[in-house]
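Trainee: Right, I'll just put the structure down here and ask away after.
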Protein chains: 2
Amino acid sequence: MRYSSTHKEEVREKLLATSQAIAKAGGFSTTGVDALMGAIGLTGGAFYSHFPSKQALFEAVIEREMANSSDMLAGDGSSAPDHVAKRLRGYLSTFHATHPEQGCALPTLGAEISRAQPEVRKAVEACLKKVHDNWAERVEDSDAAWALIAQCVGALMLARSVDSDKTRKEILAANRRFIDEAHSLEHPLQPPSGRQA
Amino acid sequence: MRYSSTHKEEVREKLLATSQAIAKAGGFSTTGVDALMGAIGLTGGAFYSHFPSKQALFEAVIEREMANSSDMLAGDGSSAPDHVAKRLRGYLSTFHATHPEQGCALPTLGAEISRAQPEVRKAVEACLKKVHDNWAERVEDSDAAWALIAQCVGALMLARSVDSDKTRKEILAANRRFIDEAHSLEHPLQPPSGRQA
DNA sequence: GTCTATATCTAGATAGAC
DNA sequence: GTCTATCTAGATATAGAC
């Protein structure tokens with residue numbers, strides 16, 4: 001064959017990586033196959049040597065996204081004691097709010113996931129449960145873990161839905177401060193400066 | 001003229017109402033003008049007598065959605081003392097999670113809002129601030145109000161992103177219980193039964 | 001496996017008859 | 001104002017040459 005034995009695997013890998021970023025930035029359904037393939041230097045026709053349909057790519061993208069996020073957020077046995085605080089700080093950062101292509105898939109693709117087939121939502125559910133179960137042992141209880149996840153996802157949506165940088169930063173900072181105040185984390189998200197009324 | 005003097009206004013009203021529901025259920029960009037017009041018994045060509053472009057309809061839909069939501073959530077001077085608790089209970093209900101077409105626009109259209117023009121996000125920002133400022137006086141402080149809004153929006157996204165009814169209900173219930181526990185609301189969301197560990 | 005060309009379909013938007 | 005017909009553009013997907 002004219003291509004190396006790992007060629008197909010490499011193309012698939014690049015396609016997935018760039019598709020993830022592009023979909024998170026501009027939405028999956030609103031981006032065409034030609035654009036996704038063009039981003040890795042190929043034409044649209046070659047797409048179907050790697051995926052049977054655009055829908056199949058969506059499923060692969062979401063599963064990779066969620067697996068990635070849950071691995072990172074949940075951590076493992078060797079995680080530092082301030083692991084949760086570190087992840088929360090990064091999640092609720094201005095950088096994350098202004099760079100959706102590098103961030104969590106839920107705030108950007110959550111609506112498309114909601115309308116997707118059961119298999120996709122099953123994968124999302126498994127990853128969410130993984131983060132929840134892990135965090136439930138590091139915060140007050142199970143309820144607090146679900147509340148924390150919800151607050152983070154929602155805060156990012158809010159921060160991206162407003163226009164002014166000032167309001168965006170205020171929403172993120174308020175959410176960080178509230179977590180420090182309401183949750184009994186071992187380590188605070190930010191220095192115990194002042195919480196404003 | 002062959003149409004009543006209020007005809008155009010009535011059509012516009014119906015178009016907006018159905019477009020809001022359809023967009024929240026299936027996404028705005030993924031729904032065509034023909035489908036939106038067909039839902040009120042007209043054909044696609046007639047659309048442009050009411051809006052100059054599909055984009056203009058999106059702006060009108062979002063502004064109406066947010067104004068509606070913020071009016072309902074913020075309440076007014078005559079609101080009952082348990083107003084916030086009532087709204088939170090309805091927002092974090094299974095009915096809301098399973099009927100996006102009747103619910104808040106942020107969890108379903110938040111991503112599309114994030115990618116929209118500044119004018120749209122300005123309108124969203126104003127409505128969010130209205131709810132925040134109102135709630136800030138009824139909960140602990142400003143931070144708690146932002147955290148509450150974020151938690152609600154995120155909880156609904158999570159509830160809709162999972163597959164099983166059981167997990168969906170658990171996410172919603174956990175978020176309701178956490179609010180009762182962490183926020184000093186005058187009235188609880190649900191009877192002080194048991195909060196599970 | 002990738003390319004170009006193409007088939008098919010749908011989208012947003014416009015033109016002209018009624 | 002609404003309709004049908006149409007223009008133009010873009011989408012998913014397939015076919016056949018290299």
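Trainee: Near B:E101, within a Cβ-to-Cβ distance under 14 Å, what is the net charge of the other residues, with Lys and Arg +1 and Asp and Glu -1?
Mentor: +2
Trainee: Placing the label point 7 Å from Cα along the Cα-to-Cβ direction, what are the distances from B:E13 to the equivalent spots in the other copies, shortest first, in nm to one decimal?
Mentor: 6.1
Trainee: Same structure, new question: How many Cβ atoms of partner chains, on average, are near each residue of A:131-143 if near means within 10 Å of its Cβ?
Mentor: Counting Cβ atoms of other protein chains within 10 Å of each residue's Cβ and averaging gives 3.
Trainee: Taking a point 7 Å out from Cα toward Cβ as the label site, list the nm distances between A:K129 and the same residue in every other copy, smallest first.
Mentor: Nearest to farthest, the other copies are at 4.4 nm.
Trainee: Next up: Compute, for segment A:54-183, the length of the dipole vector about the Cα centre, with Cβ point charges of +1 (Lys, Arg) and -1 (Asp, Glu) only. Units Debye, rounded to 20.
Mentor: Roughly 360 debye for segment A:54-183.
Trainee: Right, another one. Just to be sure I understand: chains A and B are related by a rotation, so which residue of A has its Cβ closest to that axis, and how close in Å?
Mentor: Rotation axis A onto B, closest Cβ, rounded to whole Å: A:G154, 1.
Trainee: Can you list which of the chymotrypsin sites (Phe, Trp or Tyr not before Pro) found in segment B:1-86 are DSSP loop residues with at most 13 other C-beta atoms within 10 Å?
Mentor: Here the sparse-neighbourhood loop sites are B:Y3.
Trainee: Toward the positive end of the charge dipole of chain B, about the Cα centre and with charges on Cβ (Lys, Arg +1; Asp, Glu -1), which of B:A39, B:Y91, B:S49 goes farthest?
Mentor: B:A39
Trainee: Follow-up question, since we're still on this one. In nm to one decimal, list the spacings between the B:K169 label point and its equivalents in the other copies, with label points set 7 Å along Cα to Cβ, shortest first.
Mentor: Ordered by increasing distance: 4.6 nm.
Trainee: Also, quick follow-up: Using the beta-carbon distance between B:E10 and A:R64 and R0 = 45 Å, what value does 1/(1 + (r/R0)^6) give for FRET efficiency, to the nearest 0.05?
Mentor: Using R0 = 45 Å, I get an efficiency of 0.40.
Trainee: Same structure, new question: Per residue of B:116-125, count partner chain C-beta atoms within 10 Å of its C-beta, then hand back the mean as an integer.
Mentor: 3
Trainee: So what are the protein assembly as shown's ellipsoid semi-axes, whole angstrom, largest first, if each one is the square root of 5 times an eigenvalue of the alpha-carbon gyration tensor?
Mentor: Result for the protein assembly as shown: semi-axes of 33, 32, 18 Å.
Trainee: Using the Kirkwood radius over Cα pairs, work out the Stokes-Einstein diffusion coefficient for chain B at 4 °C and 1.567 mPa s, in µm²/s as a whole number.
Mentor: Taking Rh from Cα pairs, D becomes 71 µm²/s.
Trainee: Let me know the number of lysine pairs in chain B closer than 28 Å at the Cα, not counting same-chain pairs under 8 apart.
Mentor: 23
Values quoted throughout were computed directly from the atomic coordinates according to the rules given, and no laboratory measurement underlies them. Quantities reported herein were computed from a predicted structural model and do not represent experimental measurements. Cβ coordinates were reconstructed from backbone atoms using ideal geometry, including for glycine residues, and neighbour counts include every protein chain displayed.
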